[in-house]
């Protein structure tokens, strides 16, 4: 069977369905409810598309430098659709709001989520300096939140790695070898911007680490609680059944 899991990481799967950033449903129908354009520069126009989820009715916004729509009129009703000749809708959109939602569970601390989201937004618009700053800040805040000590940056990451032995060690190894990270005030140093491929590697690494540290333990706890509740129901039912049988024997 063909592996189609890569579609879960897209915004728009095709002209009919997408992955909703609000209700977190995959492969749900959407509608383009409005579109307009404005002058990005004196020579370039930017097109704005507003998309509504058919499940939760929340609206997301998407920016592109391309005219992507076709129009169909049904009496007084105007229907907007992305052009069927566009093979990959996402690749034609450079910025969306919400910008990221596939991994950033709300159990991840808010500051860390916001920094990742801002970094991804900057990266999509090719603001590499801004994205680089957000990533350095995110690493710094992670180390502060986890109360990680060490004489230098590499020692701190090793400490973090030791603190979470159940997480993939390779993730922390990637962080420990990040270029231009220094031992003090990680987010306040003078540095050059990272290129887009390097930034994507760091962003995806941090997102996975955040998921391991803050989401998985909660999921395991919730599953354990659920199993415990089921067990209690079984024991209660068994106890009630036993009591009922004893009463019948007495009668």
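Observations on the model:
- Test: residue in the stretch 44-64 that is more than 27 Å from the chain's Cα centre (by Cα) and in the same structural domain as residue 14 (by TED's automatic domain parsing): yes
- Number of the exception - residue 96 against (1) surrounded by 15 or more Cβ atoms within 10 Å (Cβ to Cβ); (2) in a loop (DSSP other than H, G, I, E, B); (3) at pLDDT below 90: (2)
- Answer from 148, 116, 86 - the residue that is within 25 Å of residue 25 (Cα to Cα) and in a loop (DSSP other than H, G, I, E, B): 86
- Across the stretch 17-34, the number of residues qualifying as closer than 16 Å to residue 62 by Cα and either over 14 Å from the mean Cα position of the chain (by Cα) or assigned to a strand (DSSP E or B) (or both) comes to 7.
- Yes/no for residue 26 being out of contact with any strand residue (DSSP E or B) (no Cβ under 6 Å at 6 or more places or on another chain) and surrounded by 13 or more Cβ atoms within 10 Å (Cβ to Cβ): yes
- Total residues in the stretch 199-210 satisfying the condition of being farther than 15 Å from residue 170 by Cβ and crowded, with 17+ Cβ neighbours inside 10 Å: the figure is 3.
- Residues satisfying the stated conditions in the stretch 1-54, i.e. in contact (Cβ under 8 Å) with a residue 60 or more places away in the chain and at positive phi: 24
- Annotation: of all residues in the stretch 119-145 being part of a loop (DSSP other than H, G, I, E, B) and in contact (Cβ under 8 Å) with a residue 24 or more places away in the chain, the one that is farthest from residue 178 (Cα to Cα) is 125.
- Unmet criterion (only one of (1) without any contact (Cβ under 8 Å) to a residue 60 or more places away in the chain; (2) closer than 21 Å to residue 142 by Cα; (3) part of a helix (DSSP H, G or I)) for residue 106: (3)
The values are calculated or read from the model by the stated rules, or taken from the named source; none is laboratory data. Please read these numbers as outputs of a predicted model, since none were measured by experiment. Cβ: placed from backbone, ideal geometry, glycine included. Neighbour counts: every protein chain shown.
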